[in-house]
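Visitor: Before I ask anything, let me first share the structure, which is written out below as structure tokens.
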Amino acid sequence: MKKIAILGSTGSIGTQTLEIVREQKDIQVLGISAGSNIDLLERQIREFSPRLAVVWEKEKAKELAVRTADLPVKILDGMDGLLALVNIPEVETVVTAVVGMIGVVPTLAAIQAGKNIALANKETLVTAGQIIMPAAKEKGVSILPVDSEHSAIFQSMNGEDKRTVSRILLTASGGPFRGWKKEQLANVRPEDALKHPNWTMGSKITIDSATMVNKGLELMEARWLFDVEPDQIRILVHPQSIVHSMVEYQDGAVIAQLGVPDMKLPIQYALYYPERRYRDGQRVDFASVGSLTFEKPDLETFTGLALALRAAKEGGVLPVVYNAANEYLVARFLRREIGFLDIPFYIGEAMEQLGRIKEPTLEEILYTEKETYTYLEKRLNRS
């Protein structure tokens with residue numbers, strides 16, 4: 001019986017992880033957490049009987065404790081609660097499915113406690129990869145990617161000498177606005193950007209896909225996860241979303257992982273690695289697909305991706321500024337307070353003003369996040 005904890009059990013990745021638990025019947029969920037969705041969290045508690053449940057918002061946690069008073073579950077709140085969750089002694093794997101930099105501290109704590117990480121929180125490596133990866137190596141724990149692209153790269157490297165990797169070919173769907181020009185994006189509304197052509201995801205990551213910021217974050221994550229230089233990662237727009245990513249080797253061979261767009265495949269692979277479990281679901285019908293196409297990304301239109309390439313190459317805390325600015329700006333866009341093109345514009349402005357530290361500590365990383373929020377709050381409020 002595998003024993004896991006899930007950071008972010010009410011989100012897209014978290015709920016799909018619990019679907020796999022339901023289907024496979026040999027995983028015990030000892031801890032779960034949510035931001036504020038206590039209605040769904042209560043249902044999860046009653047179905048999966050975790051020992052501990054954590055709610056980020058203190059008042060919501062108090063309400064949940066009253067609702068679940070009939071159950072043998074402990075309810076905690078905030079960062080202290082998340083740290084208690086990842087330190088449950090029997091937990092073997094922590095699924096990090098929270099969105100944003102909130103995942104950095106508990107992920108590092110889980111590694112220090114000797115837990116394997118099923119990583120769906122890309123911001124952890126984007127902002128603190130230089131701290132997370134050495135810590136995982138020191139503790140001898142595995143970081144198993146849950147993102148479909150990073151899982152594809154991981155699978156394409158299985159059995160290969162990592163030193164023979166020439167480059168990584170990171171695929172992108174292109175999002176709902178593939179082929180559009182910048183002037184067409186000026187009046188994009190949140191409901192337009194939330195219509196992804198291939199994937200069903202949470203609202204934040206769906207907006208990131210529409211701006212192609214998500215692919216920039218994935219490039220920065222891949223740089224740390226697979227120990228390659230940013231120049232060794234090439235982004236290819238692949239609108240069919242069948243080839244989830246590829247690895248090219250020194251002899252010219254390219255190995256790819258293909259499949260239908262379904263996040264449950266990489267989640268299950270991370271939970272059971274190195275075993276491949278059977279699972280129901282659609283299979284690729286190549287005759288029906290007909291053709292697979294690839295094209296270069298449009299960096300002039302999707303300037304958020306171009307900024308990510310700069311942040312990846314320059315390093316230091318610049319990826320922190322990039323990520324924090326994007327988190328802040330996407331939230332304001334979803335509230336209709338700024339326009340779609342304001343997202344990359346103000347990311348770029350924040351990068352020009354902040355991000356001077358070259359070898360940041362964890363404290364400096366977390367400070368830079370707050371500094372970025374403060375800068376943008378003042379900047380937008382005086383606009």
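Visitor: If you find the alpha carbon centre of region 318-383 and of region 146-198, how far apart are they in angstrom?
Guide: 22
Visitor: Under 8 Å for C-alpha pairs, at least 6 residues apart: give me the relative contact order for the chain, rounded to a whole percent.
Guide: Numbers: 677 pairs, mean separation 55.4, N = 383.
The value is 14 percent.
Visitor: Return the subset of Lys25/Lys115; Lys3/Lys25; Lys3/Lys74; Lys2/Lys204; Lys60/Lys215; Lys195/Lys215 for which the Cα-Cα distance in this structure is over 23 Å, preserving the input order.
Guide: Long pairs (Cα-Cα over 23 Å): Lys2/Lys204; Lys60/Lys215.
Visitor: Something else about it: Within straight cross-link reach of Lys137, meaning Cα distance under 20 Å, which aspartates and glutamates are found once same-chain residues fewer than 8 apart are removed?
Guide: Glu92, Glu123, Glu160, Asp161, Glu221, Asp227, Glu229, Glu359
Visitor: Amide H to amide H, which residues 5 or more places from Ile233 or on other chains are under 5 Å from it, using H placed in the peptide plane?
Guide: Here the answer is Ile168, since their amide H atoms fall under 5 Å of that of Ile233.
Visitor: Could you work out how much longer the chain between Tyr278 and Asp26 gets when fully extended? Use 0.36 nm per residue separation minus the Cα distance between them, nm to one decimal.
Guide: Numbers: separation 252, 0.36 × 252 = 90.72 nm, distance 1.35 nm.
Here the segment from Tyr278 to Asp26 would lengthen by 89.4 nm.
Visitor: How many angstrom lie between the Cα centre of region 272-312 and the Cα centre of region 1-74?
Guide: That distance is 30 Å.
Visitor: Now for a separate question. Short version: ³J(HN,Hα) in whole Hz for each residue of region 32-44, in order, from phi by Karplus 6.51 cos²θ - 1.76 cosθ + 1.60 (θ = phi - 60°), x for Gly and Pro, what are they?
Guide: 9, 8, 8, x, 8, 7, 6, 5, 5, 4, 4, 4, 5
Visitor: Taking +1 at the Cβ of each Lys and Arg and -1 at the Cβ of each Asp and Glu, which of Leu354, Val254, Ala210 sits farthest along the dipole of the chain towards its positive end, judged by Cα position relative to the Cα centre?
Guide: The one lying farthest along the dipole's positive direction is Ala210.
Visitor: Between Phe294 and Leu380, with labels modelled 7 Å along Cα→Cβ, what's the label distance in nm to one decimal, could you check?
Guide: 3.7
Visitor: While we're looking at this one, here's another question. Could you state, as a whole-number percent, how many of the C-alpha pairs of region 249-383 are farther apart than 19 Å?
Guide: Cα-Cα pairs in region 249-383 separated by more than 19 Å: 66 percent.
Visitor: Choose one answer from Ala69, Ala136, Ala270: the residue with the largest mean-square fluctuation in a GNM of the chain with alpha-carbon springs under 10 Å.
Guide: Ala69
Visitor: If the chain between Phe345 and Gln250 were fully stretched, how many nm would it gain, using 0.36 nm times the residue separation less the Cα-Cα distance?
Guide: Extra length from Phe345 to Gln250 when fully extended: 30.4 nm.
Visitor: Which semi-axes, in whole Å and largest first, does the equivalent ellipsoid of region 2-145 have when worked out from the alpha carbon gyration tensor as the square roots of 5 times its eigenvalues?
Guide: On the way: eigenvalues 114, 51, 34 Å².
Sorted largest first and rounded, they come to 24, 16, 13 Å.
Visitor: Suppose only helical runs count, i.e. DSSP H with n ≥ 4. What mean residue ellipticity at 222 nm does that imply for the chain under -39500 (n - 2.57) per run, divided by all residues and rounded to the nearest 500 deg cm²/dmol? List each step's numbers first, then the result.
Guide: Values: 17 runs with 183 residues, N = 383.
Helix contribution divided over all residues of the chain: -14500 deg cm²/dmol.
Visitor: When only C-alpha pairs under 8 Å and at least 6 residues apart count, what is the relative contact order of region 31-78, in percent?
Guide: 41
Visitor: Something else: Can you give the Kirkwood hydrodynamic radius for the chain, in Å, rounded to one decimal and based on Cα pairs?
Guide: 21.3
Visitor: Could I ask something else about it? For region 258-274, just list the computed ³J(HN,Hα) in residue order, Karplus coefficients 6.51, -1.76 and 1.60, θ = phi - 60°, integers in Hz, with x standing in for Gly and Pro.
Guide: Values, residue by residue: 10, x, 5, x, 8, 5, 5, 5, x, 5, 5, 4, 5, 5, 10, 3, x Hz.
Visitor: Separate question: Based on alpha-carbon atoms only, what is the radius of gyration of region 315-383 relative to the globular estimate 2.2 N^0.38 Å?
Guide: For region 315-383, the normalised Cα radius of gyration comes out at 1.06.
Visitor: Straight-line reach only, C-alpha to C-alpha below 13 angstrom: list the aspartates and glutamates that Lys370 could link to, leaving out same-chain residues fewer than 8 apart.
Guide: Partners within reach: Glu327.
Visitor: About the Cα centre of the chain, what is the dipole size in debye to 20, counting +1 per Lys and Arg Cβ and -1 per Asp and Glu Cβ, all else neutral? Working shown, then result.
Guide: Working: 45 positive and 50 negative charges, 74 e Å.
Dipole about the Cα centre, nearest 20: 360 debye.
Visitor: Just need the relative contact order of region 315-383 here, percent rounded to a whole number, with Cα pairs under 8 Å and 6+ apart.
Guide: 48
Visitor: Within 10 Å, count the other beta carbons around each residue, average over each peptide in 9-16, 351-358, 257-264, 20-27, and list them highest first.
Guide: Result, highest mean Cβ count within 10 Å first: 9-16, 257-264, 351-358, 20-27.
Visitor: Extending each Cα 7 Å along its Cβ direction at Asn37 and Leu258, get the distance between those two points in nm, one decimal.
Guide: Each label point lies 7 Å from its Cα, and together they span 3.3 nm.
Visitor: Order these by the 10 Å Cβ neighbour count, fewest first: Glu149, Glu359.
Guide: Going from least to most buried by this count: Glu359, Glu149.
We did not get these values from a lab; they are worked out from the coordinates using the rules stated. The structure presented is a predicted model; accordingly, all values stated were derived computationally and were not measured. Because the Cβ atoms are built from the backbone with ideal geometry, glycine has one as well, and the counts that use them run over all protein chains shown.
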